[in-house]
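Take this structure, written in structure tokens, and hold onto it; I'll ask about it next.
The values are calculated or read from the model by the stated rules, or taken from the named source; none is laboratory data. All values derive from a computational prediction rather than experimental measurement. As a convention, Cβ positions derive from the backbone with ideal geometry for all residues, glycine included, and neighbour counts pool all protein chains shown. These area figures cover heavy atoms from the full protein model, side chains too; ligands, DNA and RNA do not enter into them. Shrake-Rupley method; radii C 1.70, N 1.55, O 1.52, S 1.80 Å.
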Amino acid sequence: MLLLEVVAAMMAVSAGVPALLFALNLRRYRLPQFGAESKTPVAVLIPARDEEKNIGAALESVLASREVELEVFVLDDDSADRTVNIVLDAAARDSRVKLLQSSRLPAGWTGKQYACWQLAQATDAPVMLFMDADVRVQPWAIARSVAALKAKKVKLLSGFPRPMATNALGKMLLALRQYLLLSFLPFGLMQKTTKPAYAAGSGQFMLVDREAYLASGGHEAIRETRQDGVMLPRLFREHGFRTDIVDLTTLAEAQMFRARSIGLAKSVAEGIGIEEHIVTFSTVLLLGQVLPAFVACWWLFKSMSMLAAGGTIEDPTGLAMVSLLLLIALVASYAPRLVAARRFKQSMVSAILHPLEMVLMLGVQWVAFARTAMGRPVTWRAREYPGQV
């Protein structure tokens, strides 16, 4: 019984601490609010490689933005589909749209980082928004984000669009992004300090102050990574600039048609850099998010079977303690996930299957980690990179 009490206590702590942090963070993770009307010019920078399914809708949503002065630069990264034609058609209808052609990818760069670096050189706008081609913004999204950038007095503001994956695996795993972010990132320290350890963000939507971007080295300084969502905010913080994140659930969505396992590993992990602490995260998540449901079911079945058989309880105090700890662990593991599902407009079925989606998420992360450890190359957007997530 003592061993079971210890295990139950470990599960209660592993579930309870993230649940408490989730509750505290939920008050800080807000939609960007309306601010004073701002005429600060904004350059929307969109890297595009074979994005014929996305780029037209992305441009349409950006051009419909209100209360913001903007121009849109799309950099075609050697697309083999109709991406260029779609952008040219948009540019013919609206002079704010400009098409750029990428130069050849230099050695040591990943495609997206090089594309973003080229885009940043094409504008002198004081505020730049790096946005993925699969993102659709609501008319007030950019203006409200710019207002938040100024009101919070930060140099980088990132947000997580609502993911609209088209396959079951993507829907389950991408629903975990905000949950993991709120459960493991201390927002208070992230917002009050510039410590790189508290860096967080999404490469899908990254609003930056141009001067701070150039002073920190921008995408050139993180040229080898695919994790720009974490690495760019970390770079800003290393140079003394504050960063923050906001909730874009109702202001933007991402049509993630190509949500496959390696891409999912990147998307789920990029908010807080799970892959860098995979052993610790795996241990805490298994103890606090996976085991409570299974152990509680086993304990309930065992207890009911013993009572039905007329057995006697040799240690009622120990039984009560284990039962209480398992209940705490179960509630602490499920309650935040159910709250997150409602707050971020996610499937309740996915939330109910929380232990299963955690197992799947960890499996995907470990596969990606193993590929990196073995030096196996990663193919992304028809390009092969050395072993990395």
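Quick test of your reading of the structure: A115 fulfils all but one of (1) among the hydrophobic types (A, V, I, L, M, F, W, C); (2) open to solvent by 10 Å² or more (accessible area, probe 1.4 Å); (3) not in a loop (DSSP other than H, G, I, E, B). Name the failing condition by number.
Single failed check for A115: (2).
Being open to solvent by 20 Å² or more (accessible area, probe 1.4 Å), touching a residue at least 40 places away in the same chain (Cβ under 8 Å) and small (G, A, S) is the filter here; which residues of region 30-60 pass it?
G35, A36, S38, A57, listed by residue number.
Is one or more of the residues making up region 200-223 modelled with pLDDT under 95, more than 19 Å from W117 (Cα to Cα) and open to solvent by less than 10 Å² (accessible area, probe 1.4 Å)?
Taking every residue of region 200-223 in turn, at least one turns out to be modelled with pLDDT under 95, more than 19 Å from W117 (Cα to Cα) and open to solvent by less than 10 Å² (accessible area, probe 1.4 Å).
Here is a list: R162, R144. Which entry is basic (K, R), more than 17 Å from the chain's Cα centre (by Cα) and either part of a helix (DSSP H, G or I) or farther than 21 Å from H277 by Cβ (or both)?
Result of the check over R162, R144: R144.
Also: For region 323-345, check the following and say yes or no: at least one residue is in a loop (DSSP other than H, G, I, E, B), open to solvent by 40 Å² or more (accessible area, probe 1.4 Å) and small (G, A, S). Full working, then the answer.
Of all residues in region 323-345, those in a loop (DSSP other than H, G, I, E, B) come to 344-345.
Within this subset, residues satisfying the condition of being open to solvent by 40 Å² or more (accessible area, probe 1.4 Å) are 345.
From what's left, small (G, A, S): none.
No, region 323-345 contains no residue that is in a loop (DSSP other than H, G, I, E, B), open to solvent by 40 Å² or more (accessible area, probe 1.4 Å) and small (G, A, S).
OK, next. A320 passes all but one of (1) of a type outside the set (D, E); (2) open to solvent by 40 Å² or more (accessible area, probe 1.4 Å); (3) at pLDDT below 85; which number fails?
Failing condition for A320: (3).
Are any of the residues in region 327-341 of a type in the set (A, V, I, L, M, F, W, C) and at pLDDT below 90?
no
Still on this model: Give the number of residues within region 1-13 that are open to solvent by 20 Å² or more (accessible area, probe 1.4 Å) and under 17 Å from T283 (Cβ atoms).
Count: 5.
Looking only at residues that are among the hydroxyl-bearing types (S, T, Y) and in a loop (DSSP other than H, G, I, E, B) in region 75-112, which one is modelled with the highest pLDDT?
S95
Considering every residue within region 62-74, establish whether at least one is modelled with pLDDT of 95 or more, on the phi < 0 side of the Ramachandran plot and assigned to a helix (DSSP H, G or I).
Yes, that holds for at least one residue.
Among the residues of region 167-186, is there at least one that is over 14 Å from the mean Cα position of the chain (by Cα) and within 14 Å of R210 (Cα to Cα)?
Taking every residue of region 167-186 in turn, none turns out to be over 14 Å from the mean Cα position of the chain (by Cα) and within 14 Å of R210 (Cα to Cα).
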